[in-house]
Amino acid sequence: MPNIDWKNLGFAYIKTPYRYISDYKDGRWDEGRLSEDDKVVITECAGVLQYSQSVFEGLKAYRTKDGRIVTFRADLNAERMVNSAKKLEIPPFPAERFLEAVDMTVKANEDYVPPYGTGATLYIRPYVFGSNAVIGVKPADEYQFRLFVTPVGPYFKGGAVPITLRVCDLDRAAPHGTGNIKAGLNYAMSLQAIVEAHRLGFDENMYLDAAQRKYVEETGGANFIFVKEDGTIVTPLSDSILPSITRRSICYVAEHYLGLKVEHRPVPFEEVPTFAECGVCGTAAVISPVGAINDHGNIIKFPSGMDKPGKITQKLYETLCGIQYGEIEAPEGWIREIK
């Protein structure tokens, strides 16, 4: 095992020995390969550099209580990457090959899968980009699919301590745009806003819909989950929100494991102060509780407080993590073991 302080690991890149690479040329993907070379060499005129033609995914590998190495709902990541690629006129990397690439790369780097109980995981980053020279505005003709892994700790340094958001005046994604796919260009749009939020002392931004600035959308990289006083789970519905796999899983857990009612619908911002709990969810953070939201000086404080997660948020987090780590029986097909 590498000499890593697993329990104090941050959310940052650590180079691991192997990554997976496949090239698309002449209308087909090649058979793919593992490589020890972490450098990407492309022409200065590559489509990704000129017109941001790139999509990516994020998922994790876990070491379970009984010592197995597993991934969580990786088939949905494969499916989402296919959909993202189609939206940017990128030839989709086949879903089954995506899963094979994940298995192969995690297995090759299994010493970097953190031990059970440390709170750390192996983050998996697949991505594809236009690699040949493109000077006119058009899709590339050649592409490269790559997948690397890196061990990570919690996304937010404080772990499960409630975070503070601010309502952002910038827009994350336009209606009928690319907000519902995992494209790098969407995240570039959030960089100025997140830097400013951090400078002002906030952990993240809350984005409202770009058309009316009336409905809650998401943060720069996570979906919202609200909890009503009666325990009902509410998640925002919008065509410009990324369909989070974690959010979908939380809603299933809420309904089928905890017996809670779930509503997936547009959420007016004016309704936010009525909720008992709030959290943001995604692969990196799983669920991070939100303690307060600053709306241009008007502070919305949730009854769950700033000291610890609300009871339902905590139960959702514990149940989902229990499934991921093999402590709780998972629904059929959710867990993929890497042997």
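The values are calculated or read from the model by the stated rules, or taken from the named source; none is laboratory data. Nothing here was measured: the structure is a model prediction, and the numbers come from that model. Note that we place each Cβ from the backbone using ideal geometry, even for glycine, and neighbour counts take in every protein chain shown. Quick note on the areas: whole protein, heavy atoms, side chains included, nothing else; ligands and nucleic acids left out. Shrake-Rupley method; radii C 1.70, N 1.55, O 1.52, S 1.80 Å.
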Using just the helices of the chain, give the 222 nm mean residue ellipticity in deg cm²/dmol: DSSP H runs with n ≥ 4 each add -39,500 (n - 2.57), and the total is spread over all residues, rounded to 500. -7000 deg cm²/dmol
Sequence order, the stretch 260-274: Karplus ³J(HN,Hα) from phi using 6.51 cos²θ - 1.76 cosθ + 1.60, θ = phi - 60°, Hz rounded, Gly and Pro as x, gives 9, 7, 10, 10, 10, 7, x, 10, x, 4, 5, 7, 3, x, 7
With label points set 7 Å from each Cα along the Cα-to-Cβ direction at residue 239 and residue 265, the distance between them in nm comes to 2.1
Calculated over the stretch 1-53: convex hull of Cα atoms, volume per residue (Å³): 142
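Please work out how much length the chain gains when fully extended from residue 96 to residue 111, using 0.36 nm per residue of separation minus the C-alpha to C-alpha distance, in nm with one decimal.
Answer, rounded to one decimal: 2.9 nm.
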Loop-located GluC sites (Glu not before Pro) in the stretch 78-122 whose Cβ has at most 13 other Cβ within 10 Å (DSSP): 89
Paramagnetic label zone (point 7 Å from Cα along Cα-to-C-beta, residue 89; backbone N under 16 Å) in the stretch 127-147: 129-143
All other residues with a Cβ under 15 Å from the Cβ of residue 76 taken together, and with Lys, Arg as +1 and Asp, Glu as -1, what is their net charge? +2
Taking square-rooted eigenvalues a ≥ b ≥ c of the alpha carbon gyration tensor, is the stretch 96-239 rounded, prolate or oblate, where a/c under 1.5 means rounded and, failing that, a/b exceeding b/c means prolate? oblate
Considering amide H positions built from the backbone, and no H for Pro or chain starts, which residues 5 or more places from residue 290, or on another chain, come under 5 Å of its amide H? 163, 278, 279, 280
Out of these labelled values of Rg/Rh (Cα atoms, Kirkwood Rh), (1) 0.96; (2) 1.04; (3) 0.94, which was calculated from the coordinates shown here? (1)
So which trypsin sites (Lys or Arg not before Pro) in the stretch 56-144 pass both tests, a DSSP loop state and at most 16 other Cβ atoms within 10 Å of the Cβ? 65, 68
Just from the alpha-carbon atoms, what are the Rg and Dmax of the stretch 221-330 in angstroms? 13.5, 45
Enumerate the calculated ³J(HN,Hα) couplings along the stretch 110-122 in order (Karplus 6.51 cos²θ - 1.76 cosθ + 1.60, θ = phi - 60°), each rounded to whole Hz, writing x wherever the residue is Gly or Pro. 4, 5, 9, 7, x, x, 4, x, 8, x, 9, 9, 9
Theoretical gain in end-to-end length, residue 255 to residue 41 [0.36 nm per residue, Cα-Cα removed]: 72.3 nm
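Go through 187, 252 and list them by solvent-accessible area, largest first, probe radius 1.4 Å. Don't skip to the answer; put the middle values down first.
Values: 187 55, 252 85 Å².
The most accessible residue leads, giving 252, 187.
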Summing +1 for each Lys or Arg and -1 for each Asp or Glu, what net charge is found among the other residues whose Cβ lies under 11 Å from the Cβ of residue 117? +2
When ligands, DNA and RNA are left out and all protein chains stay put, how many square angstrom of accessible area per residue does the chain have with a 1.4 Å probe? 46
Can you list the residues, at least 5 places off or on another chain, whose amide H is less than 5 Å from the amide H of residue 338, using H built in the peptide plane? 69, 70, 71
Run through the stretch 112-181 and list the trypsin sites (Lys or Arg not before Pro) located in a DSSP loop whose Cβ has at most 14 other Cβ atoms within 10 Å. 157
Give the long-range amide H neighbours of residue 264: residues separated by 5 or more places, or on another chain, with amide H under 5 Å away, using H modelled in the peptide plane at 1.01 Å from N. 235
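Going by the alpha-carbon gyration tensor, a ≥ b ≥ c the square roots of its eigenvalues, is the stretch 137-189 rounded (a/c under 1.5) or, if a/c is not under 1.5, prolate (a/b greater than b/c) versus oblate?
oblate
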